[in-house]
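The values are calculated or read from the model by the stated rules, or taken from the named source; none is laboratory data. Not measured: the values here are computed from a predicted model. Quick reminder, even Gly has a Cβ in these numbers, built from the backbone with ideal geometry, and neighbours come from all protein chains shown.
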Amino acid sequence: MAIFLYRIGRWAFRRRRLVGGLWLGVLVLAIAAAAMAPSGEEEDLSMPGTESQRAFDLLDERFPQGNSQGAEARLVFRAPDGQRVTARENKAAVEDTLGSLGGGDQVASATDPYETGAVSEDGTIAYSTITYTADAVDLTRTTKSALEDAASRAGDAGLTVEIGGSALDAEEEPGGTTEIVGVAVAAVVLVLALGSLVAAGLSLLTAFVGVAIAFGLVSALAVPLGLTSTVAILALMLGLAVGIDYALFITSRFRDERAQGGEPEEAAGRAVGTAGSAVVFAGATVFIALVGLGVVGIPELTKMGLGGAGAVALAVLVALTLVPALFGFFGKGVSNGVSPARAKPRARGRGLSRADRQRIAASPAKRIGTRWARFVLRRPVPVLLIAGLGLGAVAVPALSLELGLPGDESKSVETTQRRAYDLLSEGFGPGFNGPLTVVVDTSEPGDTRATADLVAKTVRGVEGVASVGDPVLSRAKDTAVLTAVPRTAPNSGETKDLVHAIRGAVSGVEADTGARVLVTGTTAMNIDISEAMSDALIPYLTVVIGLAVLLLTVVFRSVLVPVKAALGFLLSVGAAFGVLVAVFQWGWAADLIGIEQTGPVMSLMPILIIGIVFGLAMDYEVFLLTRMREAYVHGASPGEAIVSGFRHSGRVVAAAAIIMISVFAGFIGMSSPTIQTMGVGLAAAVAFDAFVVRMAIAPAVMALLGHRAWWLPRILNRVLPNVDIEGEKLSGHVPASATGPNAAVPDATVPRLPVGRD
């Protein structure tokens, strides 16, 4: 692996114009394809195989004119203080408003609240349900404008009017102030970490190239593959984070090689052969974990995983080829500040003098990493206890984790959807915003009415049901639909119990009549998806942990290092879940990020965060431990190896973590609860994993294990492939151009520095 990537790095450096031209061509094609492609559609979240999904499919089959998952709007009217909506002038205003919607091309129906009884008991609030022939994303601007104009008409007549439902749902657009701030922070960190504007700009440039290509491909494939805006945002988020980090790792290694006297082409080859190997395996872990999201069985989650995995794969390819090519264009600017002229070139077959090596190791950034490593080596037990117990305390709220899907109740009170939700709850009860749909499927059309009446009677007898509407039969008279309104809010635990109670109660009707009775609706679908996510959490986590142990065993040829890494990953993920519960369920610091309504954590988040953070955690493990193992296999003691790892990679890993945190935190300011939750969870998880687990717990455990940390049973030593991620084989590799001006003989010497002092 190291030799192969070493050759790629040298080739890309020499053929920099070709490599740059190829990537520029791919970028132009991706942007052109995205510009010409039609806009993608936002799809409803579905869970094949669940009862609620089977019911939706049955409704689409038996009620084809109804479009069970089509767009719907609710115009909610409130009379002025001291008046009723049933007053003559208010009633006339409501009917005039609804009459203006009747001629719309995409309007299927608009109910009259005075005919359907959709008026609150005190007569102050009424609503009309407008159904459409198209999904929300297919509604034209004219249709939406007509709905807004109708609401304005009633408002002019003195009524308070709000619009609920899915008709006005807007697609979340990537880009905004907070994301720009995140990228700006990343740029500042790059400059501080690399000490060069050119080097920092190179890392940002390559990351933007990868992100632009990934975003263009997602946009171009949105219609044929059904990719949503959430997929594009996740690809943007991950592509930026890992793209900057991977370029940073290779650029930092290139600067180190130049500082030790390597010629530019040789330094580029060695940087890709060593740091590039770590990039490949780190990227592979992220890729596999994201693709593995497909086993959960939710189409939207699968698409998000594939979109993110594609962005990561592009980031790896860009880092391995475009980054060394740009070294060829801007090599002097990239290595600015490393003073290669003072070092003795390895091209003459000699290594650096001890004085030169000590000078290189004595830079302020490296000295900080060295001091921290030696501090941990002197006090491994206190560091381990404080870090471990601290993360455990942060993870305690995760025991109260509740999963759900956000609705209008989670939106800002500044939105008309949230105000409509609140008005309906005030006028008709909290459960009115989450009605349940009961579908009765009979084999004999003549028995449908009687069976539906029996089901309605049974459902009315279930505790927690506020009301049950009259059955509506299909044209073939073989299917009936009833609407049951709970007494409790859609996301409450009582409503979840009610759904199970109704399903249990109607099972007796199924046994007696032979009919099939299904409970569905948005609320039931959300409950089914949340339960499926909870059931899949442990199996997926087990697969991820097993993958981590297997992959790291191959990479580091050790048994205890992978186990330590996996346990640390569990700690960081648990702490991240604790933060999500504290912020989104309990409301701690919610005002700081614009969360106005607490509730269950988004159902998809735990598994999605596990998949993403697993890969990112392995990034830091690979980059930090690679330098440790590189020193250890070259003869350093376990303690010296830890110091060497932090001296060379500590500041780079810290900078990479800050960049990732900045990028993820930049998405917290978006209005979508899904993206907000993802931003908070990922930013917290990266912070815990990088700075607590990898920077404190990992070296403390390694110090306590000593030589045992690198132990591998003989049978595994013979069976496992040697991937040489630390580039050991490059030590004796003489490039093909050894006789040319760029020839270099890599120096394998790793200095033994005393553990007790700088």
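For segment 614-630, indicate whether the set of residues that are over 29 Å from residue 712 (Cβ atoms) and under 16 Å from the mean Cα position of the chain (by Cα) is non-empty.
Within segment 614-630, the first condition is being over 29 Å from residue 712 (Cβ atoms), and the residues that meet it are none.
No, segment 614-630 has no match at all.
If only one of 466, 452, 456 is surrounded by 22 or more Cβ atoms within 10 Å (Cβ to Cβ), in contact with a Pro (Cβ under 7 Å, 6 or more places away or on another chain) and either assigned by TED's automatic domain parsing to the domain that holds residue 490 or in a loop (DSSP other than H, G, I, E, B) (or both), which one is it? Talk me through it step by step, then tell me what you get.
Working: 466 fails: surrounded by 22 or more Cβ atoms within 10 Å (Cβ to Cβ); 456 fails: surrounded by 22 or more Cβ atoms within 10 Å (Cβ to Cβ).
Exactly one residue qualifies, and that residue is 452.
Exactly one condition in (1) at pLDDT 80 or above; (2) closer than 19 Å to residue 481 by Cβ is false for residue 83; which is it?
With respect to (1) at pLDDT 80 or above; (2) closer than 19 Å to residue 481 by Cβ, residue 83 is out only on (2).
Where in segment 548-652 are there helices (runs of 4 or more DSSP H), lying wholly inside it, with at least 3 residues that are modelled with pLDDT under 85 and in contact with a Phe, Trp or Tyr (Cβ under 9 Å, 6 or more places away or on another chain)?
Working: elements: 560-580, 605-633, 638-645.
Helices (runs of 4 or more DSSP H) meeting the threshold: 605-633.
Considering only segment 390-406, state which residues are over 11 Å from residue 530 (Cα atoms) and not in a helix (DSSP H, G or I).
Here is the first cut: in segment 390-406, the ones over 11 Å from residue 530 (Cα atoms) are 390-401, 406.
Correct list: 401, 406.
Output yes when any residue across segment 572-586 is crowded, with 18+ Cβ neighbours inside 10 Å, closer than 30 Å to residue 274 by Cα and touching a Pro at 6+ places or on another chain (Cβ under 7 Å), and no when none is. First the steps, then the outcome.
Filtering segment 572-586 down to residues crowded, with 18+ Cβ neighbours inside 10 Å leaves 572-585.
Imposing the further condition that a residue be closer than 30 Å to residue 274 by Cα reduces the set to 572-573.
When the remaining residues are screened for being touching a Pro at 6+ places or on another chain (Cβ under 7 Å), the result is none.
Checking segment 572-586: not a single residue is crowded, with 18+ Cβ neighbours inside 10 Å, closer than 30 Å to residue 274 by Cα and touching a Pro at 6+ places or on another chain (Cβ under 7 Å).
Quick one: count up the residues across segment 154-173 that are modelled with pLDDT of 85 or more and either assigned to a loop (DSSP other than H, G, I, E, B) or of a type in the set (D, E, K, R) (or both). Can you show your working first?
Going residue by residue through segment 154-173, those that are modelled with pLDDT of 85 or more are 154-164.
Filter again for either assigned to a loop (DSSP other than H, G, I, E, B) or of a type in the set (D, E, K, R) (or both), leaving 156-159, 162.
Adding up the residues that qualify gives 5.
Each row is one residue, and each column tells you yes or no for (1) among the small types (Gly, Ala, Ser); (2) surrounded by 24 or more Cβ atoms within 10 Å (Cβ to Cβ).
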| site | (1), (2) |
| --- | --- |
| 267 | yes, yes |
| 272 | no, yes |
| 279 | no, yes |
| 288 | no, no |
| 291 | no, no |
| 303 | no, no |
| 308 | yes, yes |
| 313 | yes, no |
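I need a count of the residues in segment 666-687 that are assigned to a helix (DSSP H, G or I) and either within 14 Å of residue 238 (Cβ to Cβ) or polar (S, T, N, Q) (or both).
11
Confirm whether residue 119 is free of Cβ contacts under 8 Å to residues at least 60 places away in the same chain and in contact with a Phe, Trp or Tyr (Cβ under 9 Å, 6 or more places away or on another chain). It would help to see each step written out before you state the result.
Working: free of Cβ contacts under 8 Å to residues at least 60 places away in the same chain: yes; in contact with a Phe, Trp or Tyr (Cβ under 9 Å, 6 or more places away or on another chain): yes.
Spelling it out, residue 119 is indeed free of Cβ contacts under 8 Å to residues at least 60 places away in the same chain and in contact with a Phe, Trp or Tyr (Cβ under 9 Å, 6 or more places away or on another chain).
Have a look at 537, 541, 547 and point out the one that is closer than 16 Å to residue 47 by Cβ, assigned by TED's automatic domain parsing to the domain that holds residue 568 and not β-branched (Val, Ile, Thr).
Values: 541 fails: closer than 16 Å to residue 47 by Cβ; 547 fails: closer than 16 Å to residue 47 by Cβ.
Answer to the check: 537.
Any chance segment 490-509 includes a residue that's among the β-branched types (Val, Ile, Thr), at pLDDT 85 or above and not in a helix (DSSP H, G or I)?
Looking for residues that are among the β-branched types (Val, Ile, Thr), at pLDDT 85 or above and not in a helix (DSSP H, G or I), one finds none in segment 490-509, hence no.
Given the structure, is residue 199 modelled with pLDDT of 85 or more, in contact with a Ser or Thr (Cβ under 8 Å, 6 or more places away or on another chain) and over 30 Å from residue 422 (Cβ atoms)?
no
Any residue at all in segment 478-489 that is modelled with pLDDT under 90, within 28 Å of residue 600 (Cα to Cα) and assigned to a loop (DSSP other than H, G, I, E, B)?
yes
Of 51, 42, 95, which residue is modelled with pLDDT under 80, touching an Asp or Glu at 6+ places or on another chain (Cβ under 9 Å) and not polar (S, T, N, Q)? It would help to see each step written out before you state the result.
Working: 51 fails: modelled with pLDDT under 80; 95 fails: modelled with pLDDT under 80.
That would be 42, the only listed residue that is modelled with pLDDT under 80, touching an Asp or Glu at 6+ places or on another chain (Cβ under 9 Å) and not polar (S, T, N, Q).
Restricting to segment 699-708, name every residue that is crowded, with 24+ Cβ neighbours inside 10 Å and more than 12 Å from residue 372 (Cβ to Cβ).
702
Just give me the residues in segment 587-598 being on the phi < 0 side of the Ramachandran plot and either in contact (Cβ under 8 Å) with a residue 24 or more places away in the chain or surrounded by 22 or more Cβ atoms within 10 Å (Cβ to Cβ) (or both), in sequence order.
Taking segment 587-598 and keeping what is on the phi < 0 side of the Ramachandran plot, we get 588, 590-593, 595-598.
If the condition is that a residue be on the phi < 0 side of the Ramachandran plot and either in contact (Cβ under 8 Å) with a residue 24 or more places away in the chain or surrounded by 22 or more Cβ atoms within 10 Å (Cβ to Cβ) (or both), then 593, 595, 596, 597 are the ones that fit.
Can you name the residue in segment 662-679 that is surrounded by 24 or more Cβ atoms within 10 Å (Cβ to Cβ) and hydrophobic (A, V, I, L, M, F, W, C) and, of all such residues, is modelled with the lowest pLDDT?
The selected residue is 667.
Out of everything in segment 523-551 that is closer than 30 Å to residue 722 by Cα and without any contact (Cβ under 8 Å) to a residue 60 or more places away in the chain, what residue ends up being surrounded by the most Cβ atoms within 10 Å (Cβ to Cβ)? Break it down stepwise before answering.
Quick first cut of segment 523-551, residues closer than 30 Å to residue 722 by Cα only: 539-551.
Keeping just the survivors that are without any contact (Cβ under 8 Å) to a residue 60 or more places away in the chain gives 539, 542, 545-546, 549-550.
Values: 539: 11, 542: 10, 545: 19, 546: 11, 549: 16, 550: 12.
Taking the candidates together, the pick is 545.
For residue 81, are the conditions met, namely being within 15 Å of residue 161 (Cα to Cα) and not in a helix (DSSP H, G or I)? Talk me through it step by step, then tell me what you get.
Numbers: within 15 Å of residue 161 (Cα to Cα): yes; not in a helix (DSSP H, G or I): yes.
Considered against the rule, which asks whether it is within 15 Å of residue 161 (Cα to Cα) and not in a helix (DSSP H, G or I), residue 81 comes out as yes.
Residue 646: more than 22 Å from residue 240 (Cα to Cα) and assigned by TED's automatic domain parsing to the domain that holds residue 315, yes or no?
Numbers: more than 22 Å from residue 240 (Cα to Cα): yes; assigned by TED's automatic domain parsing to the domain that holds residue 315: yes.
Answer is yes for this residue.
Which condition breaks for residue 622 when tested against (1) in contact with an Asp or Glu (Cβ under 9 Å, 6 or more places away or on another chain); (2) over 20 Å from residue 234 (Cα atoms); (3) surrounded by 24 or more Cβ atoms within 10 Å (Cβ to Cβ)?
Failed condition: (1).
Among 183, 209, 137, which is at pLDDT 75 or above and of a type in the set (A, V, I, L, M, F, W, C)? Break it down into steps so the answer makes sense when it comes.
Numbers: 183 fails: at pLDDT 75 or above; 137 fails: at pLDDT 75 or above.
Going through 183, 209, 137 in turn, the sole match is 209.
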